[in-house]
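Remarks on the structure that follows.
The values are calculated or read from the model by the stated rules, or taken from the named source; none is laboratory data. This is a predicted model, so every value here is computed, not measured. Every residue, glycine among them, receives a Cβ derived from its backbone with ideal geometry; neighbour counts consider all protein chains shown.
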């Protein structure tokens, strides 16, 4: 009986994490609020994005260069979406989605980028 269940699950494409694969793969995702679920590959983008962390109580500055003493180009409220160009483990080069604003944000202020993650 257990073998039949395995074969049925295998035909449906059930991933070990619980995501249904079907014909096209899906990915396990975690939201900024910590809710996990599966998302169909067709809904995913190849462009990396992140949110200004919902835990940020005050606006986060986008700096002209990756230094805390650099001039602030803009300030972003929590949950604002940004496109991630690159990260060095401490700072991320970002662009505000839909606007002509870009610069550097501390990596710890972003949801969607792992701590110390390097993105080239």
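Would you be able to tell me the number of residues in the range 96-111 that are under 14 Å from residue 66 (Cα atoms) and over 14 Å from the mean Cα position of the chain (by Cα)?
Taking the range 96-111 and keeping what is under 14 Å from residue 66 (Cα atoms), we get 102-109.
When the remaining residues are screened for being over 14 Å from the mean Cα position of the chain (by Cα), the result is 102-106.
Of the residues in the range 96-111, 5 are under 14 Å from residue 66 (Cα atoms) and over 14 Å from the mean Cα position of the chain (by Cα).
Filtering the range 62-89 to residues that are part of a loop (DSSP other than H, G, I, E, B) and in contact with a helix residue (DSSP H, G or I) (Cβ under 6 Å, 6 or more places away or on another chain) leaves nothing. Only a single item in (1) modelled with pLDDT of 65 or more; (2) part of a helix (DSSP H, G or I); (3) surrounded by 10 or more Cβ atoms within 10 Å (Cβ to Cβ) is not met by residue 42, and it is number (3).
Residue under question is residue 88, and the condition is that it be surrounded by fewer than 16 Cβ atoms within 10 Å (Cβ to Cβ) and closer than 19 Å to residue 115 by Cα; does it hold? Don't jump to the end; show me each part of the working.
Working: surrounded by fewer than 16 Cβ atoms within 10 Å (Cβ to Cβ): yes; closer than 19 Å to residue 115 by Cα: yes.
It is true that residue 88 is surrounded by fewer than 16 Cβ atoms within 10 Å (Cβ to Cβ) and closer than 19 Å to residue 115 by Cα.
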